[in-house]
Amino acid sequence: MNEILTCPFCNMKSEVDSSEVFYKYVQCNSCGASSDVYPTRVEAIEAWNARHYLNVIGMMIKEINPKPGTKPFIDSDIDLGKLRALKELKERLSK
């Protein structure tokens with residue numbers, strides 16, 4: 001997938017900086033946030049999109065478990081399963 005997701009910080013359009021020959025990175029057109037540099041366009045986009053997903057996952061975790069250090073508000077075992085799955089996914093994407 002080569003679609004570049006919006007900025008994880010301001011939700012505006014982002015694009016790959018193609019001016020560099022030996023490395024690529026994604027940068028937000030609005031706030032200037034950028035990814036690390038990568039040898040290929042695809043790697044830069046994947047890293048940028050992973051950061052976007054990390055923010056979304058973080059918001060979902062806060063929705064289920066709004067205050068750190070407190071027990072989550074769980075309606076059912078399904079919510080507890082979602083919370084565990086989201087935390088595991090966030091951990092994997094963070095690496």
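Key figures for this structure:
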| read-out | value |
| --- | --- |
| Residue match in segment 48-57 (condition: exposed (fewer than 15 other Cβ atoms within 10 Å of the Cβ), under 19 Å from PRO8 (Cβ atoms), within 17 Å of the chain's Cα centre (by Cα) and at pLDDT 90 or above) | no |
| Residue that is modelled with pLDDT under 75, farther than 21 Å from ASN11 by Cβ, surrounded by 15 or more Cβ atoms within 10 Å (Cβ to Cβ) and not hydrophobic (A, V, I, L, M, F, W, C), where the choices are LYS95, LYS82 | LYS82 |
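This table checks each residue for (1) part of a loop (DSSP other than H, G, I, E, B); (2) surrounded by 15 or more Cβ atoms within 10 Å (Cβ to Cβ); (3) of a type in the set (Lys, Arg); (4) in contact with a strand residue (DSSP E or B) (Cβ under 9 Å, 6 or more places away or on another chain).
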| site | (1), (2), (3), (4) |
| --- | --- |
| CYS7 | yes, yes, no, yes |
| ASN11 | yes, no, no, no |
| GLU15 | no, no, no, yes |
| SER19 | yes, no, no, no |
| PHE22 | yes, no, no, no |
| GLN27 | no, yes, no, yes |
| GLY32 | yes, no, no, no |
| GLU43 | no, yes, no, yes |
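The values are calculated or read from the model by the stated rules, or taken from the named source; none is laboratory data. If you're wondering where the values come from, they're calculated on a predicted model, not measured in any experiment. When we count neighbours, we look across all protein chains shown, and the Cβ atoms used for this are built from the backbone with ideal geometry, even at glycine.
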